[in-house]
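Visitor: Here it is, the structure in full.
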Amino acid sequence: MAQHRVIVVGGGLAGLSASVRIAEAGLPVDLFSMVPVKRSHSVCAQGGINACNEVARQQGYSEYMHFDETVYGGDFLADQPPIYEMCHWAPRIIDLLDRMGVPFNRTLEGMRDLRLFGGSLFKRTHFAGASTGQQLLYALDEQTRRYESEGKVTKYEFWEFLWPIIEDGRAVGIVAQDMRTMQIRAFRADAVVMATGGNGLIFGKSTNSVICTGGAASRCYQAGVDYGNGEFIQVHPTSIPGADKLRLMSESARGEGGRVWVPRKKGETRAAKDIPEAERWYFLEEKYPKYGNLVPRDIATREIFQVCMDGYGVAGQNQVYLDLTHKDEAYLNNKLGAILEIYEKFVGDDPRKVPMRIFPGVHYTMGGLYTTFTPKDDGKGLVLGNPVQMMTNVRGLYAFGEVNFAYHGGNRLGANALLSCIFDGLFCGLSVANYVQDCEPGKAPAAAMAPAPFDAAVASEKAKHDRFLSTVGQGSGDKSFNAYQIGRELGEEMTAACTVVKSAQRLEQCISKLAELRGRFAKVRLSDGAIWTNQSLSYTRAVGDMLILAEVIAKGSLLRKESRGSHFRSDFPERDDANFMKTTRATYNPGSGDHTIAFQDINSSLVKPRQRSYGKVENKPAEKKEPVGV
Amino acid sequence: MISTFTTSESLAAARAANRRAAVAGRTVIFRIKRCDGPGKPSRWEDFKVPVPVGANVISCLQYIAANPVTADGKPTTPVVWDSGCLEEVCGACTMLVGGRVRQSCSALIDDYAPAEGDVITLEPMSKFPVIRDLWVDRERLFHNLKRVKAWVPIDGTYHLGAGPTESPDQQGTRYKLSECMSCGCCLEACPQFNLEEKPDMWDTSFIGPHAISQARLFNMHGTGKVLADERLDALMGMGGVSECGNAQNCVKVCPKHIPLTESIAAMGRATTIHGFKRFFRG
Ligand SMILES: Cc1cc2nc3c(=O)[nH]c(=O)nc-3n(C[C@H](O)[C@H](O)[C@H](O)COP(=O)(O)OP(=O)(O)OC[C@H]3O[C@@H](n4cnc5c(N)ncnc54)[C@H](O)[C@@H]3O)c2cc1C
Ligand code: SF4
Ligand code: SF4
Ligand code: FES
C-alpha cells in the first residue's frame, strides 16, 4: 500500500514543532528548509515566551487575562477562539520545552524565573538568558535530530520551496530546488505545512534574517492561497540602525528597566551623561504613566517616530536614547548579557555606560496566509484534532507560525510569537495527522497518483528558471534591470509608504512605484549564469515574488480607511469597528496579475471591543518641566 | 595587517587601534578566494568596495553581489557565501577573514582595513568541502551531534508536567554550553580535525570539540543523563575525546566563548571513570 507522507516547509519553531508532532503521530515527515534548520530565523528571538504561570496566577493573573491582553494588544482584529486556545495551552508548552531541556532562567529555588514584557502588568514571560528563541529552536532541533536518526523525519536542507502542487483543489506535494546542485524536482505528500516565517526583506533593511523574503508565502498566494491582513506590519520601536540590517534591541531592555528619553532641548549638543535629569524628556513615562516604557510596540514606535519628526531626535537624527546606565552592571550582564554584547559588537559603545541610540525598524509580519479554524461550540477555544485548524483555503495546505495571519491581529505582543509558532506546530500538527488519515488522502494517497500533475509543475518551474538564466549577458547592463537595484528601491519605497504613518496620497504613489518596478522586473537581467549554486538566481526569483506581496500590503493599506494596531492612517486616525473590524482577505488573479481584496467578518464572540489606549494622558514637554527662556 | 597567530588580547588591541584610525569614505580591496564548485580549481579575485560607516564583511559582500566587477574592471560572477541572522547568533557565516576563522557578519571593516586601499582577504573554511566560493558543506558537524545523542529523550509531547528543577548555577553552565551555534570555528582551528569528504568515514574520525561539549551539556541535564553511558561510549570509541591533543586552539576562536577545554577535560575524566566501571562490570 502506498504510504502517506507529510511535507513541512520551514524549519523554524513552527516547522520543527510541527515535524516533531506529526512524526510522533506516526506519519513520515519530509522537512524542507533553505538553511540548516538550526540556523532558521527563530534563532534571533531574544526576549522570551509568554504563558500564565503559578506565580502570576496567585497574583491574580490567568490564561483568560493573557487571552484578553492578546486580543486587546492586537486591537480586536484577530479571530478570538484561536487566541483563547493558544493562551490556555501556553503553560503546557512551557512545561514541554522545559522537559526538552531548555535552560530557562531559574530562581534561587530552582523554579523558572519570569520577566515583565510589554502589554501586561504581570510577569508572565519565560526566558533563557537573552537568546530565548535560540534556546527554544535548539531544543526542537535536537528533538527533530532524534527523530531524524530514527528515520521518522527526512531533512532537505538547502532546498528552496518553489511551488505547491494542487490537484483537484487539494495539496499533493511541492516543487523544490536544491540550492547547491540547482536540481528542480517534485515531492509528493498528502498534506503540506508552510512554516516559512515573515517577509521583512520586502522593506529592505529590517530586523529579520536574510532569507525572510516572504517568497514562499507569495508563491502560495499566486497558486491560490488567500492572504490575510497584509497591511499589518510590526515596526519594532527599538532597533539599532546598521549598514546591512537593523539589529534588534529587545523589548526586554525596557522590561528590565530601560528608559526611553530625548533631551528636552532640541538640537542638544551635550553628551547624554552631561544632561541633568530635569532636562531629559522621558516621553513614554510621561504620556503613559501606567505602562510607562512598556507600552505595546505600535504605540512606542509611533511615539518615538513622532518625537523625532518633531525635531527632538538625538543629535538631530532619527534616534532616541534607550538608557540602562542607571542599572547595576552585574544585574545587566546576568539578565541581558547577550543583547548588550550585540550592541557593543556592532556599534562599538558599551550600553552599560553610555545610553544606546535606537530607532524603529520593521520587525514582524502580522498578516500572512489566510487560515481557517473550527471553534468549540461556546467559542472558547478550538476543537482539538479537527482537520481544518490553520488549514488555508486550499485543502491539505496548512500555514503555521509567522507565515499565517492568525492570533496577533493588528499588532503582536512581545513574546507571543514564539508561543504562536510552537502552538501551531503542536496543536494543529495533530489536525494535519488527522486530515491525512481520516479525510480524502486516506483514500487516495498522493504516492499512488498518476505522475501528470507533478511533471507539469516541475516543467513550469523549470521554464521560469530557464527564462531567468537566458537573460545572462543580455541587454545593455543598465542598472535599473538589476534585481538588487529593484530590491533596494522596493525596500526604500515600502519603508517610506507602508510602515509607521500611511496616507492615501503616499500609498497611491507607492502603488504606482510598485507597478513601475514590476514592469522593470519583467525585463530583469541576471549577472550569473551558473548552473551550480546560483544565489543570485534565487534572490532574483524572490524579488519578483516580493513585488507581488508588496502590492497586497500597499493595496490593503489603502483600502483600510481607519487606524488600528500597527496600521496608522494620518488621514483616518480613528479606529472604525463598524466597517473595518474585519479581516482583509486578498485573492490573486493569475490571469491579470491583479488582486481582489475583500473585508470579511471576524469571530469576536468572546471579548467586546473597547478603546485601546493603555491609559494615555496628554502632555507636551513644554507644559511640564522645560526651563523657560533657555 | 593582523597576523594569524597573535593572541586574542593583542588581536583585540590591534583591532581597536584600527577602529580609531579608520578613515571615512575610503575604498578597500577585498581579495577573495573563489572556486566554482567541488573539484574545480581555486583562484583569487580582487574587488574594490566603498566602505560606509559601520560596514562589515557581509554588507560588503552584498555590495559585490550587486556589482560583480573585479578591481581591474572585468565583469565576473557574484561571490557566493552563506549567512543568515547578521547578528552572530545563527552560525552560518563562518569564513577566514584576514586568514583567521570567525563570523563574517560581525567582522567590522574598520577593524581590518582602516586606510584607503587596505586589503582584506576572505577564504572559505578548509576543514569542510567547498560548495562554491566561500560557502562550505558543514553537514558533518551536525552529523557528529547524532553520534553523541545530543538531545533529551522525552516521552513525547504529551502534557506530563514540568521538567526537572535546577539551580541557577547549573542553569548558567548549561545555558553557556547550549549557546553553541554550530558555526565550526573550533573545528577549523583544531589540528586534530581534518577535511573528510567521505561520509562513511565520519563516524570514526575525530568528533570535534563542539560535540564533546554537547555531550557534557546533555549529561548534565536531569533527564538527559539517562543516555550518559551511551554518550560516553561514543566518546571512547574511534575519533573520540582521547584524540584531542589538547592544543586549545578551539577555545580561542569560539565566538560564543564556550568553555571547550573545560568540557573536554570533564568528558575526558568521565570517560576514564566510565571505562573503569565497564571494566569491572565485565
Ligand atoms: C530579532 C527578532 C527578535 C524576536 N524576538 C522575539 C521574542 O523575544 N519573542 C517572541 O515571541 N517573538 C520574537 N520574535 C518573532 C519570532 O522570532 C518569529 O516570529 C518566529 O521565530 C518565526 O518562526 P517561524 O517558525 O514562523 O519562522 P522562521 O523561524 O522564520 O523559519 C522559517 C523557515 O522557513 C524556511 N524557508 C523560508 N522560505 C523558504 C523556502 N522558499 N523554501 C524552503 N524553506 C524556506 C527557512 O529556511 C526557515 O527554516 C523576534 C523576531 C526577530 C526578528
Ligand atoms: S583542545 Fe582538542 S579539540 Fe580543541 S583544538 Fe586542541 S585538539 Fe582540537
Ligand atoms: S563550540 Fe563555539 S566555535 Fe565550536 S561550533 Fe560551537 S559556537 Fe562554534
Ligand atoms: S550571519 Fe548568523 S552568525 Fe553571521
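Visitor: Among the residues of the range B:36-67, count how many are in a strand (DSSP E or B), more than 10 Å from chain A (Cβ to nearest Cβ) and buried (at least 20 other Cβ atoms within 10 Å of the Cβ). Spell out how you get there, then give the answer.
Guide: Of the range B:36-67, the ones in a strand (DSSP E or B) are B:42-50, B:56.
Subset that is more than 10 Å from chain A (Cβ to nearest Cβ): B:42-50.
Those still in the list that are buried (at least 20 other Cβ atoms within 10 Å of the Cβ) too: B:47, B:49.
So the count comes out to 2.
Visitor: Is the range A:509-516 home to any residue that is surrounded by 14 or more Cβ atoms within 10 Å (Cβ to Cβ), within 21 Å of the chain's Cα centre (by Cα) and modelled with pLDDT of 95 or more?
Guide: No, because not a single residue in the range A:509-516 is surrounded by 14 or more Cβ atoms within 10 Å (Cβ to Cβ), within 21 Å of the chain's Cα centre (by Cα) and modelled with pLDDT of 95 or more.
Visitor: Only residues in the range B:83-99 that are assigned by TED's automatic domain parsing to the domain that holds B:Lys256 count as the first member; pair them with residues that are away from ligand 3 (no atom under 14 Å from the Cβ) and open to solvent by less than 10 Å² (accessible area, probe 1.4 Å), Cβ under 6 angstrom, at least 6 apart or cross-chain, and list the lot.
Guide: none
Visitor: If you don't mind, another one. Could you grab me the full set of residues in the range A:3-30 that are assigned to a strand (DSSP E or B) and near ligand 1 (Cβ under 9 Å from one of its atoms)?
Guide: Just the residues of the range A:3-30 that are assigned to a strand (DSSP E or B), to begin with: A:6-9, A:29-30.
Result: A:Val9, single match.
Visitor: Follow-up. Which one is farthest from B:Trp81 (Cα to Cα) among residues in the range B:135-152 that are within 7 Å of chain A (Cβ to nearest Cβ) and part of a loop (DSSP other than H, G, I, E, B)? Even if it seems obvious, please write down each step before you answer.
Guide: Step one: filter the range B:135-152 for residues within 7 Å of chain A (Cβ to nearest Cβ), giving B:135, B:142, B:145-146, B:150-152.
Within this subset, residues satisfying the condition of being part of a loop (DSSP other than H, G, I, E, B) are B:150-152.
Values: B:Ala150: 28, B:Trp151: 30, B:Val152: 33 Å.
Ranking the candidates gives B:Val152 first.
Visitor: Shifting gears a bit: Let me confirm something: among A:Ala586, A:Ala578, which residue is under 24 Å from the mean Cα position of the chain (by Cα), of a type in the set (Gly, Ala, Ser) and at pLDDT 95 or above? Walk me through it before giving the result.
Guide: Details: A:Ala578 fails: under 24 Å from the mean Cα position of the chain (by Cα).
Sole residue among the options that is under 24 Å from the mean Cα position of the chain (by Cα), of a type in the set (Gly, Ala, Ser) and at pLDDT 95 or above: A:Ala586.
Visitor: So, of the residues in the range A:1-22 that are among the hydrophobic types (A, V, I, L, M, F, W, C) and open to solvent by 10 Å² or more (accessible area, probe 1.4 Å), which turns out to be nearest to ligand 4 (Cβ to nearest atom)?
Guide: Filtering the range A:1-22 for residues that are among the hydrophobic types (A, V, I, L, M, F, W, C) and open to solvent by 10 Å² or more (accessible area, probe 1.4 Å), the one nearest to ligand 4 (Cβ to nearest atom) comes out as A:Ala2.
Visitor: So is B:Asp118 open to solvent by 40 Å² or more (accessible area, probe 1.4 Å) and closer than 30 Å to B:Gly54 by Cβ or not? Break it down stepwise before answering.
Guide: Values: open to solvent by 40 Å² or more (accessible area, probe 1.4 Å): yes; closer than 30 Å to B:Gly54 by Cβ: yes.
Here the answer is yes, as B:Asp118 does meet what is asked.
Visitor: I've got another one for you. Please determine, by comparing only the residues of the range A:128-139 that are at the interface with chain B (Cβ under 10 Å from one of its Cβ atoms) and assigned to a helix (DSSP H, G or I), which one is nearest to the chain's Cα centre (by Cα).
Guide: Result: A:Gly133.
Visitor: Still on this structure: Of the residues B:Pro259, B:Pro209, B:Pro255, which single one is modelled with pLDDT of 95 or more, within 13 Å of ligand 3 (Cβ to nearest atom) and within 14 Å of another protein chain (Cβ to nearest Cβ)?
Guide: Numbers: B:Pro259 fails: within 14 Å of another protein chain (Cβ to nearest Cβ); B:Pro209 fails: within 14 Å of another protein chain (Cβ to nearest Cβ).
Residue meeting the stated conditions: B:Pro255.
Visitor: A follow-up question, please. Is it fair to say B:Phe218 is assigned by TED's automatic domain parsing to the domain that holds B:Leu177 and either charged (D, E, K, R) or modelled with pLDDT under 95 (or both)? Lay out the reasoning, then the answer.
Guide: Details: assigned by TED's automatic domain parsing to the domain that holds B:Leu177: yes; either charged (D, E, K, R) or modelled with pLDDT under 95 (or both): no.
Answer is no for this residue.
Visitor: Here's another thing I want to ask about it. Return only the number of the condition from (1) open to solvent by 10 Å² or more (accessible area, probe 1.4 Å); (2) modelled with pLDDT of 95 or more that A:Glu344 does not satisfy.
Guide: Every listed condition holds for A:Glu344 apart from (2).
Visitor: Something else now. Which count do you get for residues in the range A:522-571 that are within 14 Å of another protein chain (Cβ to nearest Cβ) and in a helix (DSSP H, G or I)? Step through it out loud before you land on a result.
Guide: Of the range A:522-571, the ones within 14 Å of another protein chain (Cβ to nearest Cβ) are A:524-540, A:542-543.
Checking which are in a helix (DSSP H, G or I) leaves us with A:535-540, A:542-543.
Summing the residues that are within 14 Å of another protein chain (Cβ to nearest Cβ) and in a helix (DSSP H, G or I) in the range A:522-571 gives 8.
Visitor: Might you check whether a residue that is more than 16 Å from ligand 1 (Cβ to nearest atom) and either under 23 Å from the mean Cα position of the chain (by Cα) or among the aromatic types (Phe, Trp, Tyr) (or both) occurs anywhere in the range A:46-62?
Guide: Yes: the range A:46-62 contains one or more residues that are more than 16 Å from ligand 1 (Cβ to nearest atom) and either under 23 Å from the mean Cα position of the chain (by Cα) or among the aromatic types (Phe, Trp, Tyr) (or both).
Visitor: While we're on this one: Would you please list the contacts, defined by Cβ atoms under 6 Å and residues six or more apart or on different chains, that run from a residue in the range B:177-198 that is within 9 Å of chain A (Cβ to nearest Cβ) to a residue that is within 16 Å of ligand 4 (Cβ to nearest atom) and assigned to a loop (DSSP other than H, G, I, E, B)?
Guide: B:Glu179/B:Lys256; B:Cys180/B:Ile258; B:Met181/B:Gly91; B:Ser182/B:Gly91
Visitor: Here's another thing I want to ask about it. Could you list, in sequence order, all residues of the range A:20-39 that are without any contact (Cβ under 8 Å) to a residue 12 or more places away in the chain and more than 12 Å from chain B (Cβ to nearest Cβ)?
Guide: none
Visitor: Just name the residue that is farthest from ligand 3 (Cβ to nearest atom) out of those in the range B:175-202 that are among the polar types (S, T, N, Q) and out of contact with any Pro (no Cβ under 8 Å at 6 or more places or on another chain).
Guide: Residues of the range B:175-202 among the polar types (S, T, N, Q): B:178, B:182, B:192, B:194.
Still in the list and also out of contact with any Pro (no Cβ under 8 Å at 6 or more places or on another chain): B:192, B:194.
Details: B:Gln192: 14, B:Asn194: 16 Å.
Restricting to residues being among the polar types (S, T, N, Q) and out of contact with any Pro (no Cβ under 8 Å at 6 or more places or on another chain), the top hit is B:Asn194.
Visitor: OK, next. Mind listing just one residue for me: the one in the range B:152-206 that is among the aromatic types (Phe, Trp, Tyr) and out of contact with any Ser or Thr (no Cβ under 9 Å at 6 or more places or on another chain) and, of those, nearest to ligand 2 (Cβ to nearest atom)?
Guide: Our first condition is that a residue be among the aromatic types (Phe, Trp, Tyr); within the range B:152-206, this holds for B:158, B:175, B:193, B:202, B:206.
After this cut, where a residue has to be out of contact with any Ser or Thr (no Cβ under 9 Å at 6 or more places or on another chain) as well, the list is B:158, B:202, B:206.
Values: B:Tyr158: 39, B:Trp202: 16, B:Phe206: 8 Å.
Per the criteria, the residue is B:Phe206.
Visitor: Moving to a separate point now. Of the conditions (1) crowded, with 24+ Cβ neighbours inside 10 Å; (2) within 16 Å of ligand 4 (Cβ to nearest atom); (3) aliphatic (A, V, I, L, M); (4) assigned by TED's automatic domain parsing to the domain that holds A:Leu324, A:Ala253 fails just one. Which one is it?
Guide: Only one criterion is unmet by A:Ala253, namely (2).
Visitor: What is the residue count in the range A:102-148 for residues that are hydroxyl-bearing (Ser, Thr, Tyr) and over 15 Å from B:Met181 (Cα atoms)?
Guide: Residues flagged as hydroxyl-bearing (Ser, Thr, Tyr) and over 15 Å from B:Met181 (Cα atoms) within the range A:102-148 amount to 5.
Visitor: Among the candidates B:Glu188, B:Glu230, B:Glu262, B:Glu196, which residue alone is surrounded by 15 or more Cβ atoms within 10 Å (Cβ to Cβ) and closer than 24 Å to A:Val102 by Cα? First the steps, then the outcome.
Guide: On the way: B:Glu188 fails: closer than 24 Å to A:Val102 by Cα; B:Glu230 fails: surrounded by 15 or more Cβ atoms within 10 Å (Cβ to Cβ); B:Glu196 fails: closer than 24 Å to A:Val102 by Cα.
Only one candidate passes the filter, namely B:Glu262.
Visitor: Does any residue in the range A:101-119 that is surrounded by 24 or more Cβ atoms within 10 Å (Cβ to Cβ) come within less than 6 Å, Cβ to Cβ, of a residue that is of a type in the set (Phe, Trp, Tyr) six or more places away or on a different chain, and which pairs are these?
Guide: A:Pro103/B:Tyr175; A:Arg112/A:Phe104
Visitor: Report yes if some residue within the range B:119-127 is in contact with an Asp or Glu (Cβ under 6 Å, 6 or more places away or on another chain) and in the same structural domain as B:Arg43 (by TED's automatic domain parsing); otherwise report no. Lay out the reasoning, then the answer.
Guide: Residues of the range B:119-127 in contact with an Asp or Glu (Cβ under 6 Å, 6 or more places away or on another chain): B:125, B:127.
Subset that is in the same structural domain as B:Arg43 (by TED's automatic domain parsing): B:125, B:127.
Yes: the range B:119-127 contains one or more residues that are in contact with an Asp or Glu (Cβ under 6 Å, 6 or more places away or on another chain) and in the same structural domain as B:Arg43 (by TED's automatic domain parsing).
Rundown of residues vs (1) open to solvent by 20 Å² or more (accessible area, probe 1.4 Å); (2) more than 16 Å from ligand 2 (Cβ to nearest atom); (3) over 20 Å from A:Leu77 (Cα atoms); (4) touching a strand residue (DSSP E or B) at 6+ places or on another chain (Cβ under 7 Å), yes/no style:
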site: A:Gly367; (1), (2), (3), (4): no, yes, no, yes
site: A:Arg412; (1), (2), (3), (4): no, yes, no, yes
site: A:Asn416; (1), (2), (3), (4): no, yes, no, yes
site: A:Ala448; (1), (2), (3), (4): yes, yes, yes, no
site: A:Phe454; (1), (2), (3), (4): no, yes, yes, yes
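Visitor: Quick one: count up the residues across the range B:81-129 that are part of a loop (DSSP other than H, G, I, E, B) and either basic (Lys, Arg) or more than 16 Å from ligand 1 (Cβ to nearest atom) (or both). Give the steps one after another, and end with the answer.
Guide: Initial filter on the range B:81-129 (part of a loop (DSSP other than H, G, I, E, B)): B:81-93, B:98-99, B:104-107, B:113-118, B:124-129.
Filter again for either basic (Lys, Arg) or more than 16 Å from ligand 1 (Cβ to nearest atom) (or both), leaving B:81, B:98-99, B:104, B:107, B:113-118, B:124-129.
Residues in the range B:81-129 being part of a loop (DSSP other than H, G, I, E, B) and either basic (Lys, Arg) or more than 16 Å from ligand 1 (Cβ to nearest atom) (or both): 17 in total.
Visitor: Of all the residues that make up the range A:465-521, how many are under 29 Å from A:His363 (Cα atoms) and hydroxyl-bearing (Ser, Thr, Tyr)?
Guide: Result for the range A:465-521: 6.
The values are calculated or read from the model by the stated rules, or taken from the named source; none is laboratory data. In this text the structure is predicted, and so the values were computed from the model without any measurement. Cβ: placed from backbone, ideal geometry, glycine included. Neighbour counts: every protein chain shown. Heavy atoms of the whole protein, side chains included, go into the accessibility calculation; ligands, DNA and RNA do not. Shrake-Rupley method; radii C 1.70, N 1.55, O 1.52, S 1.80 Å.
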